[in-house]
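The values are calculated or read from the model by the stated rules, or taken from the named source; none is laboratory data. Just so you know, these numbers come straight off a predicted model, no measurement behind them. FYI the Cβ positions are ideal-geometry reconstructions off the backbone, even for glycines, and counts take in every protein chain you see. Ligands, DNA and RNA are excluded from the accessible area calculation, which covers all protein heavy atoms including side chains. Shrake-Rupley method; radii C 1.70, N 1.55, O 1.52, S 1.80 Å.
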Amino acid sequence: MTTAFDPIELAGIPLANRIVMAPMTRNRATAEGVPTPSMVAYYTQRASAGLIITEATQTEVVGRGYPLTPGLHTADQVAGWRRVTDSVHAAGGRIFAQLWHGGRIGHPVLLPDGLEPVGPSAVKAAGQGFTQNGPTDFVTPRELTDEEIRATVDGFAAAARNAIEAGFDGVEIHGANGYLIHQFLAPNANRRTDAWGGSDEARARFAIEVVKAVAGAVGAHRTGLRLSPGNPFNDIDEPAPEATYTALIEAVAPLGLAYLHTCDVTDLELLARLRKRFDGPFLLNPATEGRPTGPEELSLVERGEADLLAYGALFIANPDLPRRLAAGGPFNTPDRDGFYGGDDRGYLDYPALDDEN
């Protein structure tokens, strides 16, 4: 029987176990999007994960959706991430960069003068985002032109090349949780009637083009894709997502991607049908109502429902999480006050088991 503690290869990349650190925004980069020494320590503490997936990392400056998030579009950012990857590798870990564009989830105060958030259509998201000025109403994004869409695709590929230059083992394309790629997939955010919208297949086109561009830039074996069909986060409404996601997965499955990562999907029957169309490794970040993913979910690997399992909040609080899961605990409790921004409290000060004895 396969367990979450068994090794696995992702298209030739050996992982020590199947327990993955999920991508989680922590807002600890500099104002210029450069990783800090604290970020080096944070990721290195968690190098016993089979795979670390970084926090969302913007592919270009207009893609920033929150304050103090890192990027992969300047030389200083690449150098900062190199310090992270070198340290993680020295500790025996593997690490992918999550490539992200916030799209309409952002605000002009987060961007250089003259820039404004962009999206597939000029449709404002309901709700508020987080800025250095506190919670702030979302604004109506500027609709991307066809030429700008193609340039945005190129931006993902350029960021992927920068990630490999920075020493990452691979990249994950963030196509979930209401950000730009998800906005193109969702009919309430994408109201275009050109080649990038208007039908299930056309709404999938942007995601497909991004995946092909990134895979072409760094190799499909170093490219993962994260999706969350039907997830309403960030004012996404997908009343009938199956056709769009089927078109997407069928188009990218033949490429031989490193993995498909799904998160917070509550329609498990849809998830099972979509998974059948992707024959590569399947990484699951399960929806667990009202609690973090925990030891109860280890059986998903044993039952063959996932090849790898992603842990979020529990990995924040337990830097040695694979060891704790193998031992059945105990587990530190996540301090939500330290999740987003601040100093090293709630970031670097969670003890490992050895520190507690």
Handout entry: Which numbered condition VAL84 fails, given (1) in a helix (DSSP H, G or I); (2) under 23 Å from TYR179 (Cα atoms)
Key = (2)
Completion exercise
Within the range 219-268, of all residues that are in a helix (DSSP H, G or I) and either modelled with pLDDT under 95 or among the charged types (D, E, K, R) (or both), the one nearest to THR140 (Cα to Cα) is GLU242
Problem - Evaluation of ARG222 against (1) open to solvent by 20 Å² or more (accessible area, probe 1.4 Å); (2) within 18 Å of ILE249 (Cβ to Cβ) (one fails), failing number - result: (2)
Practice task
Collect the residues in the range 225-263 that are over 30 Å from PHE168 (Cβ atoms), among the acidic types (Asp, Glu) and surrounded by fewer than 18 Cβ atoms within 10 Å (Cβ to Cβ), keeping them in residue-number order.
Solution key: ASP237, GLU242
Practice task
Kindly check whether there is at least one residue in the range 32-40 that is more than 17 Å from ALA90 (Cβ to Cβ), within 18 Å of the chain's Cα centre (by Cα), among the acidic types (Asp, Glu) and modelled with pLDDT of 95 or more.
Solution key: no
Practice task
State the number of residues belonging to the range 48-72 that are assigned to a loop (DSSP other than H, G, I, E, B), open to solvent by less than 10 Å² (accessible area, probe 1.4 Å) and not β-branched (Val, Ile, Thr).
Solution key: 5
Fill in the blank from the handout: Restricted to the range 141-161 and to residues being open to solvent by less than 70 Å² (accessible area, probe 1.4 Å) and either in contact with a Lys or Arg (Cβ under 6 Å, 6 or more places away or on another chain) or of a type outside the set (A, V, I, L, M) (or both), the residue farthest from VAL211 (Cα to Cα) is PRO141
Fill in the blank from the handout: Condition set crowded, with 16+ Cβ neighbours inside 10 Å and of a type outside the set (A, V, I, L, M, F, W, C), scope the range 299-322, selection farthest from LEU51 (Cα to Cα): answer is GLU305
Handout entry: Complete set of residues in the range 104-127 that are within 21 Å of GLY71 (Cα to Cα) and crowded, with 22+ Cβ neighbours inside 10 Å
Key = ARG104, ILE105, GLY106, HIS107, LEU110, PRO117, VAL118, GLY119
Problem - Yes/no for THR266 being open to solvent by 70 Å² or more (accessible area, probe 1.4 Å) and either free of Cβ contacts under 8 Å to residues at least 12 places away in the same chain or among the polar types (S, T, N, Q) (or both) - result: yes
Problem - GLY71 within 17 Å of the chain's Cα centre (by Cα) and closer than 22 Å to ALA125 by Cα - result: no
Problem - Search result, residues across the range 198-218 that are without any contact (Cβ under 8 Å) to a residue 24 or more places away in the chain and open to solvent by less than 30 Å² (accessible area, probe 1.4 Å) - result: ALA202
Handout entry: Residue among GLN183, GLN132, GLN98 that is touching a Leu at 6+ places or on another chain (Cβ under 8 Å), touching a residue at least 60 places away in the same chain (Cβ under 8 Å) and of a type outside the set (A, V, I, L, M)
Key = GLN132
Handout entry: Tally of residues being surrounded by 15 or more Cβ atoms within 10 Å (Cβ to Cβ) and either of a type in the set (Lys, Arg) or at pLDDT below 95 (or both) across the range 339-353
Key = 2
Exercise for the section: Restricting attention to the range 7-40, report how many residues are among the small types (Gly, Ala, Ser), surrounded by fewer than 16 Cβ atoms within 10 Å (Cβ to Cβ) and either in contact with a strand residue (DSSP E or B) (Cβ under 6 Å, 6 or more places away or on another chain) or outside any loop (DSSP other than H, G, I, E, B) (or both). Expected result: 1
Problem - Number of the exception - PHE130 against (1) in contact with a strand residue (DSSP E or B) (Cβ under 8 Å, 6 or more places away or on another chain); (2) aromatic (Phe, Trp, Tyr); (3) open to solvent by less than 50 Å² (accessible area, probe 1.4 Å) - result: (3)
Practice task
State yes or no: is ASP76 surrounded by fewer than 24 Cβ atoms within 10 Å (Cβ to Cβ), modelled with pLDDT under 95 and under 22 Å from THR152 (Cα atoms)?
Solution key: no
